Amino acid sequence: EAMHQIFTGIRQVKTFRMEAREFQEFERLNQGFFDRTLKMVKARALSNSFTSLMSNLAVGALVVAAGYLVLKGRLDITTGQLLVFSGALAMMYKPIKSLTKGYNNVQEALAGAERVFQLIDQRPAVKNEPKAVDLPPIAQSIEFDNVSFDYGADTVLSQIQLQVRLGETVAIVGPSGAGKSSLLDLVPRFYDPTAGAVRIDGKDLRTVTMESVRDQIAIVSQDPFLFHATVLENIRYGRESATDAEVYAAAKAAYVDVFVDALPDGYHTRVGERGVMLSGGQRQRITIARAILKDAPILILDEATSSLDTASERTVQDALTRLMEGRTTLVIAHRISTIQSADTIVVLNAGRIVDRGKHEELLKRCDLYRGMCDLQFANDVVEPRRS
Ligand code: ATP
C-alpha cells in the first residue's frame, strides 16, 4: 500500500522535488517486500517438493534395491514383481518432477526479482547534462520550437510551434489521444522531445537542470493525489519550509478552510488512502492549496472532466482562478469558462496543432473545435466573458 502511494504520487514527488526522501522510503519498503517474498517462494517451493519426495523416497529405495537384486541374478523376477517394480518407478516420477518444479519456482522468483531491480535501477529517461546550469526564474516565455515527440513507437506530437508569454494562459483542447497530456509533460521534463526543443526564455530545457525547471512549475492534475498524511502535511508538501501561517493562508485561498472544520481533527485529520474520505472537490482544493503554497511562476493544469456537484464546482473553479492569477498557465481545458478566459486556445488533433485563436474565432472557422464545444461543453453554463 505504501508502495502504491509512492508510485501513484510519482509526479507530485517529482515536481515537488521530494525524490530523495521518498526514494529512501521506497528502497526500505521494497527491500523488505523482496526479502519476504523470496523467503516465501523458497519455503513454498522447497516444502512442496520435499514432503512429496520424502513420502515417495521410501518406495523408490525399494525399487532400486529390487532392481539391484535382479541384476545380480539373486532374484528371479515374476510378472507380478515386474508390475510392482514399474508401479514403483511411476511413483518416483512425481517427486522428482516436483523437485525440478520447485527449483524452477526459485529460478522464476529470482528472474522476477532481477527484473524488479532492473526497473528500479533504470535511469530516468531524462537526466541532467554534465554542464547543465540552473534556469533563472522565467522572465519572458515558454516556447515549443518545432517539437516532435513519441514514446518509442508512433508519433505522438508533430512539429509543434507554440509560444506562451509570461503571465499568459494557453488552453489546449482536442479529442482524446490528441497528445494534450504529452505536450504538457515536456515542460517539467517528464520527457524530452525527440526533435525540436522546448525553451524557457530562449534556453533549451535540456541544457538546464531539471530541478531548477521543476522548482518553477506547479502541477494540478485531474485526479487529485493526496498522501496518507494530515491535511496540513498534504498542503505543506508544496513547500516544506513554509511556516504554519503560510500553510493556513494557502488553505484559505484554496477554500480548504471552508470544509476543514467539519473534519474530526480539523487540519490534523489524516486523509488519503486509508484516511478520512473526502469528496472529489475537497481533494482538489487541497492539491490547489499545495500549488498555491509552492507559489511557482508556471502552472500546468489538467482540468477535471468528471463533474463535481455545482457548489463544489464553483469553489474549485474559484480556487483555480486564484491559483492562475499572475502565473504563466498551460491548461488542458474542459470548462467553457476556462477557454473563454484563455489568451489563446490551441486545438490539437492527432499530435498536430490544427488551429489556434480565441473562442469566437474558432467557433466560426474550426469544425473540430465547434464539434467539441457542442459535445463537451453542452452541459456547461455559459458565463459572461471575463475581461
Ligand atoms: P486524453 O484526453 O485522453 O488524456 P491526450 O490528448 O492527453 O488524451 P495523450 O495522453 O498525450 O493524449 O496521449 C497521446 C498518445 O500517446 C496516445 O495515443 C496515447 O496512447 C500515447 N501515450 C500516452 N502516454 C504514453 C506512454 N507513457 N507510453 C506510450 N504511449 C503513450
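How many residues does segment 131-162 hold that are more than 13 Å from Leu183 (Cα to Cα) and more than 16 Å from the ligand (Cβ to nearest atom)?
Counting residues in segment 131-162 that are more than 13 Å from Leu183 (Cα to Cα) and more than 16 Å from the ligand (Cβ to nearest atom) gives 11.
Quick test for you: out of Thr305, Thr329, pick the one residue that is at pLDDT 85 or above, polar (S, T, N, Q) and closer than 26 Å to Gly174 by Cβ.
The match here is Thr329.
Quick check on my filter: what residues within segment 163-185 are away from the ligand (no atom under 13 Å from the Cβ), in contact (Cβ under 8 Å) with a residue 24 or more places away in the chain and open to solvent by 10 Å² or more (accessible area, probe 1.4 Å)?
Arg165, Leu166, Gly167, Glu168, Thr169
Just one of Arg199, Arg206, Arg239 is farther than 19 Å from Lys294 by Cα, charged (D, E, K, R) and surrounded by fewer than 19 Cβ atoms within 10 Å (Cβ to Cβ); which is it?
Checking each option against the conditions leaves just Arg206.
Of the residues Ile292, Ile353, which single one is within 16 Å of the ligand (Cβ to nearest atom), surrounded by 20 or more Cβ atoms within 10 Å (Cβ to Cβ) and at pLDDT 85 or above?
Ile353
Here's the yes/no breakdown for (1) in contact with a Pro (Cβ under 8 Å, 6 or more places away or on another chain); (2) under 17 Å from Arg322 (Cβ atoms); (3) touching a residue at least 24 places away in the same chain (Cβ under 8 Å):
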residue	(1), (2), (3)
Val220	no, yes, yes
Ala254	no, yes, yes
Arg270	no, no, yes
Gly280	yes, no, yes
Ala291	no, yes, yes
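Which residue pairs have Cβ atoms under 6 Å apart, sit 6 or more places apart or on different chains, and have a first residue in segment 329-341 that is away from the ligand (no atom under 12 Å from the Cβ) and a second that is open to solvent by 10 Å² or more (accessible area, probe 1.4 Å) and of a type in the set (S, T, N, Q)?
Thr329/Thr169
Quick test for you: out of Pro193, Pro224, Pro188, pick the one residue that is in contact with a Lys or Arg (Cβ under 8 Å, 6 or more places away or on another chain) and within 15 Å of the ligand (Cβ to nearest atom).
Pro188
Mind counting the residues in segment 364-377 that are open to solvent by 30 Å² or more (accessible area, probe 1.4 Å) and either closer than 15 Å to Ser337 by Cα or under 29 Å from the mean Cα position of the chain (by Cα) (or both)?
Within segment 364-377, residues that are open to solvent by 30 Å² or more (accessible area, probe 1.4 Å) and either closer than 15 Å to Ser337 by Cα or under 29 Å from the mean Cα position of the chain (by Cα) (or both) number 3.
The values are calculated or read from the model by the stated rules, or taken from the named source; none is laboratory data. Just so we're clear, the structure is a prediction, and the values are computed from it rather than from any experiment. Positions of Cβ are generated from backbone atoms using ideal geometry, with glycine treated the same way; all protein chains shown enter the neighbour counts. Heavy atoms of the whole protein, side chains included, go into the accessibility calculation; ligands, DNA and RNA do not. Shrake-Rupley method; radii C 1.70, N 1.55, O 1.52, S 1.80 Å.
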